[in-house]
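Reading through the C-alpha cells given below for one structure.
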C-alpha cells in the first residue's frame, strides 16, 4: 500500500482541548436528568421510565451507528473516511455511560414495579382490550422463554459488553498507531471489524426487539431490527456532519476537510434515507396486505388521535424531504446546508422513536395517550439528559488524541480524496 507524499496540516498533529464545553455539556445532561426525575412526581413512574427509554434508544442508536461506521471503514479498508474516523472513535466513548444510564431501568424493574416499562414482566398486568392478564396469555406463554427478567438483564449486559469491548479494541489500536505508526494496529482493526460486524448487527437487532418491539409483545415483525439499524446509520452520519461542521467552523479541519468529503458524506446520507423509506414502506405494506389482526393492531394504535399526524410527519419528514434535498449536488457540498439537513434528520429520528415507544403508555381504555402530552416532554428531557452525558464523554475523549489518525497508512490518500 503506497501513501502519497501529502502531509497533514500542523493543527492535525496537536491534541485539541475543549474543557469549558465539556463542563457545559455535562451540566446540560445533569439538568435534563433532573427534569426527567421531576416527572416522576407529575406523571408517574411508568410514563417517565418509558420516556427515559426514548432517550436511551436515541443515543444508543447514535453510538451503535458510529461503531458500525468504524467497523465498515476497516473491513473495506476505506480511504476517503480516514480523516473522519477519529471523531467517530471519540463518539464510542459514550457506551460505558449509556450502560450506566440504562441501569436505573433494570434496577427499577428488579426491585420496583416489574411492569414499570415492559408489561410482560408482570404476570398480573392486564392486557387490554382483551382484559386478560399476561400470565394467562397464550402468546406470552409461547414467548416467555425469551421474554423474562433474567433473559432481559443478561441480554442487556451482553449487548453493552459487546459494544464496549469492540469500541475499546478499535480505539486502542487507532490511538496507539498515532504514537508508533506500526501497521500492526491497522491489521488488528481489520480483524476486529471481521468478527465485530456480525456481533454488532446481531446485538443491535436483539436490543431493538428486547427494548422497543417487546413493549407490545403481541406484535410480529421480521424487519424491526433492520428499521433500528437504518436509524443507527442515518443518525451516525447526521451526527457526524454536525461534529464535522463544528470542527470546520472552529478551523480545526482547515486544509483537511474539503468539498469531496462533504459530497461523499451527503451521498451516504441519501442512500440510508432511501433505505429507511424502503424498510418502513415494506413493513407497513406487508402487514397491511396480509391484514392479520395479530399484526395490524400495532399500526391501528398509531392511527389513533394525533398519532396519525405523527405518522405523516415520518412519511414526509423522515423520507420525502431529506430525499429531495439530498438529491441536490449543491446541497451536499455546502457544509451549512448539509448541517441543517443533518439536524432535521436527528430531530425526526427522535420523533420516529417516540412513535415506536410512547404509544405503549395507554389510557384506561387501552388507547395510546396523545403524542402532544407531558410524555413527549419527558422524552425530550430524557434525550437531552442522556445526550448531555454522551457529548461530555465525546469531549473528554476528544482531548486525549490527535484530531485525525495522522499515521494511518491511508491518511495521505484521504487528505487528497476526490470524486
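The values are calculated or read from the model by the stated rules, or taken from the named source; none is laboratory data. The structure presented is a predicted model; accordingly, all values stated were derived computationally and were not measured. Neighbour counts are summed over all protein chains in view; Cβ atoms, including those assigned to glycine, are modelled from backbone coordinates with ideal geometry.
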Which of the residues belonging to segment 328-346 are free of Cβ contacts under 8 Å to residues at least 12 places away in the same chain and either under 14 Å from the mean Cα position of the chain (by Cα) or not in a helix (DSSP H, G or I) (or both)?
328
Considering 293, 335, 322, which residue is closer than 30 Å to residue 219 by Cβ and touching a helix residue (DSSP H, G or I) at 6+ places or on another chain (Cβ under 6 Å)?
322
Tally the residues that are outside any helix (DSSP H, G or I) and touching a helix residue (DSSP H, G or I) at 6+ places or on another chain (Cβ under 6 Å), restricting the search to segment 347-368.
2
Would you check if residue 202 is assigned to a helix (DSSP H, G or I), out of contact with any helix residue (DSSP H, G or I) (no Cβ under 6 Å at 6 or more places or on another chain) and within 30 Å of residue 151 (Cα to Cα)?
yes
Can you tell me which residues in segment 120-149 are over 16 Å from residue 216 (Cβ atoms), part of a loop (DSSP other than H, G, I, E, B) and over 30 Å from the mean Cα position of the chain (by Cα)?
123, 124, 131
Out of 170, 100, 107, 152, sole residue that is free of Cβ contacts under 8 Å to residues at least 60 places away in the same chain, within 30 Å of residue 402 (Cβ to Cβ) and not in a loop (DSSP other than H, G, I, E, B):
100
Would you confirm whether any residue within segment 66-81 is part of a helix (DSSP H, G or I) and either more than 22 Å from the chain's Cα centre (by Cα) or at pLDDT below 95 (or both)?
no
Given the condition without any contact (Cβ under 8 Å) to a residue 40 or more places away in the chain and either within 14 Å of residue 283 (Cβ to Cβ) or touching a helix residue (DSSP H, G or I) at 6+ places or on another chain (Cβ under 6 Å) (or both), answer yes or no: does some residue in segment 240-249 qualify?
no
I need the full set of residues from segment 305-326 which are surrounded by fewer than 13 Cβ atoms within 10 Å (Cβ to Cβ) and not in a helix (DSSP H, G or I), in order please.
306
Can you tell me which residues in segment 173-202 are surrounded by 21 or more Cβ atoms within 10 Å (Cβ to Cβ) and either free of Cβ contacts under 8 Å to residues at least 12 places away in the same chain or farther than 16 Å from residue 408 by Cβ (or both)?
196, 200
